[in-house]
1. Limited to the stretch 114-158, what total is found for residues that are of a type in the set (S, T, N, Q) and within 19 Å of Val18 (Cα to Cα)?
2. Considering each residue of the stretch 227-242, count those that are free of Cβ contacts under 8 Å to residues at least 60 places away in the same chain and either under 24 Å from Tyr183 (Cβ atoms) or open to solvent by less than 50 Å² (accessible area, probe 1.4 Å) (or both), and give that number.
3. Would you point out the residue of the stretch 123-166, among those that are at pLDDT below 95 and open to solvent by 40 Å² or more (accessible area, probe 1.4 Å), that is nearest to Ser244 (Cα to Cα)?
4. Which helices (runs of 4 or more DSSP H) does the stretch 58-153 wholly contain that include 2 or more residues that are in contact with a strand residue (DSSP E or B) (Cβ under 6 Å, 6 or more places away or on another chain)?
5. Just to check your reading of the model, which residue among Asn191, Asn203 is open to solvent by less than 10 Å² (accessible area, probe 1.4 Å), polar (S, T, N, Q) and under 17 Å from the mean Cα position of the chain (by Cα)?
6. Which of the residues belonging to the stretch 171-215 are at pLDDT below 95 and within 22 Å of Gly119 (Cβ to Cβ)?
7. Take the conditions under 17 Å from the mean Cα position of the chain (by Cα) and either in a helix (DSSP H, G or I) or basic (Lys, Arg) (or both) and apply them to Leu36. Does it pass?
Amino acid sequence: MTATIPPYLTTFSLAGQVALVTGSGRGLGLEIARALAGSGAHVLLNGRDAATLEARVAEIEAAGGSASALPFDVSDRAALRDAFLRIERDHGRLDVLVQNVGQRNRKPLVDLTDDEITGLLDVDLASSLILAREAARLMLPRGRGRLIAVTSVAGQIARANDSVYAAAKSGLNGMVRALAAEYGPQGLTSNAIAPGFFATETNAAITGDPQRSAYFAKRTPLGRWGRSDEIAGAAVFLASPAASYVNGHVLVVDGGATILM
């Protein structure tokens, strides 16, 4: 007997849509890509390692999803522009952009060089504005699209020796609100997902240290780190028709860490 999908759940379907997820070769980006594909979208996986992306595409296709690799470095402006030309040529549309690429350098500000500061801001903030611009150019003629930025709770709360990352993530929060105002009248929505403490490869040095890992786990009311797959629902929601009236919002996915004194 074939199970039927309750009618309302079809509003979460992404069938027929094309989605680009940057930084989706691993970690939270990969989980978002898997979830979008599992909801019916054709997902373009992005990163700098083409072989890794092809392997991830094969995994998604083996699970019944639709995906292809789109390798490029978001800090390479020529490669970025070429990637959007390829999207237009090969797919004729882009419905969802999830900006997930980010770099971090946990050092005191006085120990960071000029190039380190500007390099981090370029990848974490400036590239996001350029990605959003190029995506909007494909979305505006259709009068519909979803711009989604993966920011961080670091855009709302702070720790020492992380100033550039926090500044960039705060900037992304401002960016999605500004784009919500700019493009809302033309049918595009712009929102962000702010993850808290997730046990990803990026945080391996912390999760591998029992004392530090326990500290961060206790910083959430749920008393644990987030699993990578727990970011997926937020991304599917914001990308789907179910979120058609959600615009300019930063959806925090942190187990409650930012509300705990």
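The values are calculated or read from the model by the stated rules, or taken from the named source; none is laboratory data. Since the structure is predicted, the reported quantities are computational estimates derived from the model, not experimental observations. Quick reminder, even Gly has a Cβ in these numbers, built from the backbone with ideal geometry, and neighbours come from all protein chains shown. Surface areas here come from the heavy atoms of the whole protein model, side chains and all, with no ligands, DNA or RNA. Shrake-Rupley method; radii C 1.70, N 1.55, O 1.52, S 1.80 Å.
1. So in the stretch 114-158, the residues of a type in the set (S, T, N, Q) come out as 118, 127-128, 151-152, 156.
Subsequent filtering for residues that are within 19 Å of Val18 (Cα to Cα) retains 128.
Total meeting the criteria: 1.
2. Result for the stretch 227-242: 1.
3. Gln156
4. Working: elements: 77-91, 114-121, 127-139.
Where helices (runs of 4 or more DSSP H) fall fully within the stretch 58-153 and carry at least 2 residues being in contact with a strand residue (DSSP E or B) (Cβ under 6 Å, 6 or more places away or on another chain), they are 127-139.
5. Values: Asn203 fails: open to solvent by less than 10 Å² (accessible area, probe 1.4 Å).
Only one candidate qualifies: Asn191.
6. Thr200, Glu201, Thr202, Asn203, Ala205
7. Numbers: under 17 Å from the mean Cα position of the chain (by Cα): yes; either in a helix (DSSP H, G or I) or basic (Lys, Arg) (or both): yes.
When the stated conditions are applied, Leu36 passes them.
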